[in-house]
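Below: one structure, written as structure tokens.
The values are calculated or read from the model by the stated rules, or taken from the named source; none is laboratory data. Small disclaimer: the values here were computed from a predicted structure and weren't measured. Every residue, glycine among them, receives a Cβ derived from its backbone with ideal geometry; neighbour counts consider all protein chains shown.
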Amino acid sequence: MHLQGEPVALPSAPFDGWRDASETPDHPLSALDGAEVGQGVRLRVQIGSRIREDATPFRAFLDSDDLGETLAPVFGGLHHAGAAPAQNWLAVTEFAGTVPVTGGEVEVPEGIDIRSVEALADLVPPGGHLLMEYGSTHRRITARALLQDVPPVATPLGGMMFATGCGVAFTDLRTTTADGTRLLQGYRPLDTAHEAHRAPEMLAQLEWFMDHSAELDWDLQLKCRPLAEAAITVLRSRLGVLAAAFDVN
């Protein structure tokens, strides 16, 4: 499923010059710093030197009241802002499902994962894109599902992006990134009319999937069918509201 415009081309220059986001309060990424993603758990964000494509690298650590700050980032990527809506995007190119802390390692709970995606999505304006990697071990269910042609919104990662407002449509970039990074690109609707235009296509895909999902591996059915059912419910309700708003018969 595509919208107009080319998929985001990610730069390959190395990231350096890290500094705390609190030192650059005017940068959009500073809003991510300190975001609460769990009970007593916040994001601590560092921003790198801007690279040639005018994108800003960033990385985020978890800071827990109980365990302190993680010794390595939980995720990292790039942020880009521009005048046109489609020029505004945020890409998470690395995600760690397990992070080191003083004295050992901890697994990132699902709740923190979901709230982190929500915090990232909040930085994407109308018409912009959120890109999330799915090549990590943590995203293996999403990777398997996409390879078996499950609609992105019915995958664990796509479902989170949809729930946080960056899933009016999706593009799977597994074959288009220069470095082989597997990314799922989710679009935030430009406006209500855009949302109304895209919803029927997604609903049709999901209904087809529900009729044919018996061909999937059992574990994927258990993960993906409930997500598809939830999205169908949301889309049907949304279409009803939109039809009333636009006086569609």
> Does the range 94-114 contain at least one residue that is within 16 Å of A21 (Cβ to Cβ) and buried (at least 22 other Cβ atoms within 10 Å of the Cβ)?
Replying inline: no
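Here are R174, R140: which of them is assigned to a helix (DSSP H, G or I), over 19 Å from A121 (Cβ atoms) and not hydroxyl-bearing (S, T, Y)? Break it down stepwise before answering.
Numbers: R174 fails: assigned to a helix (DSSP H, G or I).
Just one listed residue meets the conditions, R140.
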> Going through the range 95-146 one residue at a time, which ones are closer than 23 Å to D172 by Cβ and of a type in the set (G, A, S)?
Replying inline: A96, G97, S116, A121, G127, G128, G135, S136, A143, A145
>> For the condition aliphatic (A, V, I, L, M), crowded, with 18+ Cβ neighbours inside 10 Å, more than 14 Å from P126 (Cα to Cα) and at pLDDT 95 or above, what is the one hit in A204, A228?
In response: A228
>> Looking only at the range 118-128, count every residue that is surrounded by fewer than 24 Cβ atoms within 10 Å (Cβ to Cβ) and outside any loop (DSSP other than H, G, I, E, B) and tell me the total.
In response: 3
> E105 versus (1) of a type in the set (D, E); (2) touching a strand residue (DSSP E or B) at 6+ places or on another chain (Cβ under 8 Å); (3) outside any strand (DSSP E or B): which is the lone unmet condition?
Replying inline: (3)
> Restricting attention to the range 19-61, and to residues there that are surrounded by fewer than 19 Cβ atoms within 10 Å (Cβ to Cβ) and of a type in the set (D, E), which single residue is farthest from the chain's Cα centre (by Cα)?
Replying inline: E23
>> Tally up the residues in the range 179-201 that are surrounded by 17 or more Cβ atoms within 10 Å (Cβ to Cβ), out of contact with any helix residue (DSSP H, G or I) (no Cβ under 7 Å at 6 or more places or on another chain) and in a loop (DSSP other than H, G, I, E, B), please.
In response: 2
>> among the charged types (D, E, K, R) and surrounded by fewer than 23 Cβ atoms within 10 Å (Cβ to Cβ): is that true of E133 in this structure?
In response: no
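Is it true that some residue in the range 160-170 is within 30 Å of G76 (Cα to Cα) and of a type in the set (V, I, T)? So that I can check it myself, show each step before the final result.
First, pick out the residues of the range 160-170 that are within 30 Å of G76 (Cα to Cα): 160-170.
Checking the rest, the ones that are also of a type in the set (V, I, T) come to 164, 168.
Yes; the residues of the range 160-170 include at least one that is within 30 Å of G76 (Cα to Cα) and of a type in the set (V, I, T).
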> If you take the residues of the range 85-113 that are without any contact (Cβ under 8 Å) to a residue 40 or more places away in the chain and among the hydrophobic types (A, V, I, L, M, F, W, C), which of them is farthest from P189 (Cα to Cα)?
Replying inline: V101
> Do any residues in the range 208-224 that are more than 11 Å from A154 (Cα to Cα) and modelled with pLDDT of 95 or more have Cβ atoms under 9 Å from those of residues that are crowded, with 16+ Cβ neighbours inside 10 Å and among the polar types (S, T, N, Q), where the two are at least six apart or on different chains, and which pairs are they?
Replying inline: none
